[in-house]
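Student: Got a structure for you, questions after.
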Amino acid sequence: MAYFNQGAGAKAPDFNMSENNTIYNVTSDPTTIEGFANRPCANSFASGNYQPPTLEELRALRKFMGWSQNDVAKIVGVSFNPDKGSTTVRRWETASDKKDSREIPYAAWRLLLIHAGVVSI
């Protein structure tokens with residue numbers, strides 16, 4: 001597992017793990033599973049280097065995996081309407097300056113990453 005922050009070449013906290021973790025600066029939307037794994041939003045919450053995904057990262061993962069908003073809702077266990085999609089997922093994908101915007105909870109995001117094969121348990 002890799003950890004990330006703004007300091008190029010910095011090492012992540014040890015957390016009693018034996019691996020050395022490289023930290024990357026990432027600026028573009030990911031286009032591969034490895035691309036998602038090399039982002040701050042793929043870090044574990046306990047690492048201290050986790051950053052919530054941007055709405056672009058959530059959309060990119062959804063698009064990369066071929067998931068609809070309803071698919072995402074089914075995976076993480078939130079409500080959806082087969083004809084209209086999921087209000088919850090739509091709010092996660094709304095720009096943060098809009099009043100309906102909501103940050104995706106860490107557990108829901110992590111479950112999507114696990115389901116996509118980006119991270120493991």
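The values are calculated or read from the model by the stated rules, or taken from the named source; none is laboratory data. Please read these numbers as outputs of a predicted model, since none were measured by experiment. FYI the Cβ positions are ideal-geometry reconstructions off the backbone, even for glycines, and counts take in every protein chain you see. The accessibility values were calculated without ligands, DNA or RNA, using every heavy atom of the protein model including side chains. Shrake-Rupley method; radii C 1.70, N 1.55, O 1.52, S 1.80 Å.
Student: In Å², and per residue, what accessible area does the range 41-121 have when probed at 1.4 Å with the other protein chains present?
Tutor: With all protein chains present, the range 41-121 gives 56 Å² per residue.
Student: So for 56, 93, 34, what's the accessible-area order with a 1.4 Å probe, most first?
Tutor: Numbers: 56 90, 93 10, 34 115 Å².
Result, largest first: 34, 56, 93.
Student: Give a quick list of trypsin sites (Lys or Arg not before Pro) in the range 34-121 that DSSP marks as loop, anything other than H, G, I, E or B, with at most 13 other Cβ atoms within 10 Å.
Tutor: In loop regions of the range 34-121 (DSSP not H, G, I, E or B), the sparsely surrounded trypsin sites (Lys or Arg not before Pro) are 84, 98, 99.
Student: What distance in nm separates the two pseudo spin-label positions at residue 83 and residue 63, each 7 Å out from Cα along the beta-carbon direction?
Tutor: The answer from the label model is 2.9 nm.
Student: Please report, in debye to the nearest 20, how large the charge dipole of the range 62-121 is about its Cα centre when each Lys and Arg carries +1 at its beta carbon and each Asp and Glu carries -1 there.
Tutor: 40
Student: Could I ask something else about it? Under the Kirkwood approximation for Rh and a Cα-based Rg, what ratio Rg/Rh is obtained for the range 41-100?
Tutor: Ratio of gyration radius to Kirkwood radius: 1.00.
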